[in-house]
Amino acid sequence: MFDITEFLGLDKFEKVLSRFENLPMKIVPERCCGRRTHVSCCSECQRVCPTGAIDLTSGVEVDFEKCVACGLCATLCPTGVFKLKPPDMRVLAEVKAILDSQQNTGKFICFGCVDAGDSPYGIHVNCLGRLNEALILGAVFFGAENVLLLREDCSACEIECGGVVTTSIIESSRKLL
């Protein structure tokens, strides 16, 4: 039997397309400070990447074979070059659903790194450094009286610098509250 998709090469195109759709993030390189102006020396994403997956020598390139989808680059990028999947809105919807399932008082939400234990009221992320102020403040907006962060010893993790980023995000969120 003759397969027109194979004949036209569409089967290969679909494979390539599915590879791109499954990437852990979308990159918007034109937002990069270093690309927009030659005087910018911002390289926070490259500095914080625990696996060295980000290359800024000729724009913004990510080696997805090395990327562990920790989200630190997206958290620290001041211009939003990196758009993680799942989007924050989906995580906030999950937060709202968890909080809605709890009693009226003492509501809490747990964010945990992949190495942390399970919680019935928790959302796991690859690294707590992936959290940003919008997610933490969103949980409070949806009624969380406490936002708990479950993590193992960050210094023993391959994404070690995530602990430093997490501390920074916590302090920033407290100031905003």
Two-decimal Rg/Rh of region 98-177 from alpha-carbon positions, Kirkwood Rh?
-> 0.97
Local electrostatic count at E94 - Lys and Arg +1, Asp and Glu -1, tallied over other residues with Cβ under 12 Å | 0
Stokes-Einstein D for region 18-177 (25 °C, 0.890 mPa s, Kirkwood Rh from Cα pairs), in µm²/s, comes to 148 µm²/s
Charge sum, other residues only, whose C-beta stays under 14 Å from L149's C-beta, Lys/Arg counted +1 and Asp/Glu -1 | -2
Summed side-chain charge close to C73 - residues other than C73 whose Cβ falls under 11 Å, Lys, Arg +1, Asp, Glu -1 = +2
Determine how large the accessible area of S43 is when every protein chain is in place; take a 1.4 Å probe and give Å² rounded to the nearest 10.
-> 50 Å²
Assigning unit charges at the beta carbon (Lys, Arg +1; Asp, Glu -1) and nothing else, what dipole magnitude in debye, to the nearest 20, does region 35-78 show about its Cα centre?
-> 180 debye
Percent of accessible area on region 27-103 owned by carbon and sulfur, 1.4 Å probe?
-> 52 percent
Flagged as over-length at 29 Å C-alpha distance, from K26/K96; K66/K96; K66/K175; K26/K107, the pairs are K66/K96; K66/K175; K26/K107
Per residue, accessible area of region 34-163 with a 1.4 Å probe, heavy atoms of protein chains only, in Å², comes to 54 Å²
Which order do H38, H124 take by accessible area at a 1.4 Å probe, largest first?
-> H38, H124
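The values are calculated or read from the model by the stated rules, or taken from the named source; none is laboratory data. Remember, it's a predicted structure, so these values are computed and weren't measured experimentally. Cβ coordinates were reconstructed from backbone atoms using ideal geometry, including for glycine residues, and neighbour counts include every protein chain displayed. Accessible surface is based on the protein model in full, side chains and every heavy atom, while ligands, DNA and RNA are left aside. Shrake-Rupley method; radii C 1.70, N 1.55, O 1.52, S 1.80 Å.
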